[in-house]
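Working notes for the structure below.
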Amino acid sequence: MDEQNYVIQNPTEFPSGHSEVGNLDKIRADLLKSSRLEQSLSYDEFAEMVCIDADRLQRIETYQEPLSATEIEIFCYIKQVPLIDFFPLLQKGANSSMGQFVRTHRRARGLSQEALGVAIGVTKQAISKIEMGESYPSHMHLKPLAIVLSVPLTELLARRPH
């Protein structure tokens, strides 16, 4: 068999011709993209490495399609990434309070709610709601939040609901 037989091109067909990508799928896409960018690889280079069609990889990273279970498994095997990283709610601490975690780390960094909000592009009120447990950061604010708080992204992912 040649290498092309191992490339996943379109593992999930949707009746309407498009996919429905949820928050957890977006988090998984961000994990995939982060891995690619950390290695400074193009879509083509990374796609070849993880056996996913380059066009499909781009659609996944832009939230147009979700990763399939098979793709997650192959990616984790090839990159030696723990499978549990793609299922953050199963990780230890999944029931921990996002709000308490954010508040503790914000204070440890000496940041006000307003300063943290400005740093990640949200309002002071949004930070307050997160810390009170009334809301969670959106998927697009998780990585900046992790960077500003100097915590691993997986720590925040473990505290997000579905």
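If Leu142 satisfies all but one of (1) closer than 21 Å to Glu38 by Cβ; (2) at pLDDT 80 or above; (3) surrounded by fewer than 15 Cβ atoms within 10 Å (Cβ to Cβ); (4) of a type in the set (A, V, I, L, M, F, W, C), what's the number of the condition it fails?
Of everything listed in (1) closer than 21 Å to Glu38 by Cβ; (2) at pLDDT 80 or above; (3) surrounded by fewer than 15 Cβ atoms within 10 Å (Cβ to Cβ); (4) of a type in the set (A, V, I, L, M, F, W, C), Leu142 misses just condition (3).
So which residues in region 110-147 are closer than 23 Å to Glu61 by Cβ and in a helix (DSSP H, G or I)?
Within region 110-147, Ile120, His139, Met140, His141, Leu142, Lys143, Pro144, Leu145, Ala146, Ile147 meet the criteria.
Which residues, counting only those in region 103-126, are among the hydrophobic types (A, V, I, L, M, F, W, C), in contact with a helix residue (DSSP H, G or I) (Cβ under 7 Å, 6 or more places away or on another chain) and either at pLDDT 95 or above or within 26 Å of Leu32 (Cβ to Cβ) (or both)?
Leu116, Ala119, Ile120, Val122
I'd like to know if region 57-68 contains one or more residues that are farther than 22 Å from Leu37 by Cβ and either out of contact with any helix residue (DSSP H, G or I) (no Cβ under 8 Å at 6 or more places or on another chain) or at pLDDT 70 or above (or both).
No, because not a single residue in region 57-68 is farther than 22 Å from Leu37 by Cβ and either out of contact with any helix residue (DSSP H, G or I) (no Cβ under 8 Å at 6 or more places or on another chain) or at pLDDT 70 or above (or both).
Residues Pro161, Pro137, Pro152: which one is under 28 Å from Ile74 (Cα atoms) and either more than 21 Å from the chain's Cα centre (by Cα) or modelled with pLDDT of 85 or more (or both)?
Criteria check complete, one pass: Pro152.
How many of the residues making up region 58-75 are out of contact with any Lys or Arg (no Cβ under 8 Å at 6 or more places or on another chain) and of a type in the set (A, V, I, L, M)?
Matching residues across region 58-75 total 3.
The values are calculated or read from the model by the stated rules, or taken from the named source; none is laboratory data. Just so it is clear, the structure is predicted and the values come from calculations on it, not from any experiment. Neighbour counts are summed over all protein chains in view; Cβ atoms, including those assigned to glycine, are modelled from backbone coordinates with ideal geometry.
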